[in-house]
1. Using a/c under 1.5 as the rounded threshold, could you call segment 17-96 rounded, prolate or oblate? The axes a ≥ b ≥ c are square roots of the C-alpha gyration tensor eigenvalues, and prolate needs a/b larger than b/c, oblate otherwise.
2. Okay, which of segment 10-25 sit inside 17 Å, backbone N to the point 7 Å along the Cα-Cβ direction of residue 36?
3. Just to be sure I understand, if you calculate mean projected area of the Cα convex hull in nm² for this structure, which of (i) 10.0; (ii) 34.7; (iii) 12.8 do you get?
4. Rank 85, 24, 55 by mean-square fluctuation in a GNM of the chain with C-alpha springs under 10 angstrom and give only the top-ranked residue.
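Laboratory data are not the source of any read-out in this text; all were calculated from the coordinates shown. Keep in mind it's a predicted model, so treat the numbers as computed, not measured. Ideal geometry is used to build each Cβ from the backbone, glycine not excepted, and the neighbour counts take in all protein chains shown.
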């Protein structure tokens, strides 16, 4: 067989292997360089992420502190308002209690005055009734006296035997 059939493929294979190894070294160097770049970018991204997390944590802490301060402020305002309203209610209660005591004393005095006036009214009514009774007794006594005078006049007229015209009652 011809030796050329073996030498040409062998030379071509060796040439290809040379190109292949040179390219593989170059590719490995590029891969190492790309890997270093990726590591560098990853480190930068991690640093940036850590910075963002730190900033977010600081911001969250600041917001939490502000919220707690605001809640404390609202609670203090609420407590102050509650205390002011409690004080106002206590003052109003004291005022109205004093007013109630004053009004109760006034009611007691007015009830005593009303009782006294009712007694005076009852006495005045009784005095009026007593006066009416006396007037009626006086009328009865007057009428009795008039009848007695009439009877005596008639008796005297009968004794004397003369009749007189009926004696008119004196007004």
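1. Prolate shape, in that a/c is at least 1.5 and a/b is the bigger ratio.
2. Within reach of a label on residue 36, which here means backbone N under 17 Å from a point 7 Å along Cα→Cβ, segment 10-25 contributes 25.
3. Correct label is (ii).
4. 24
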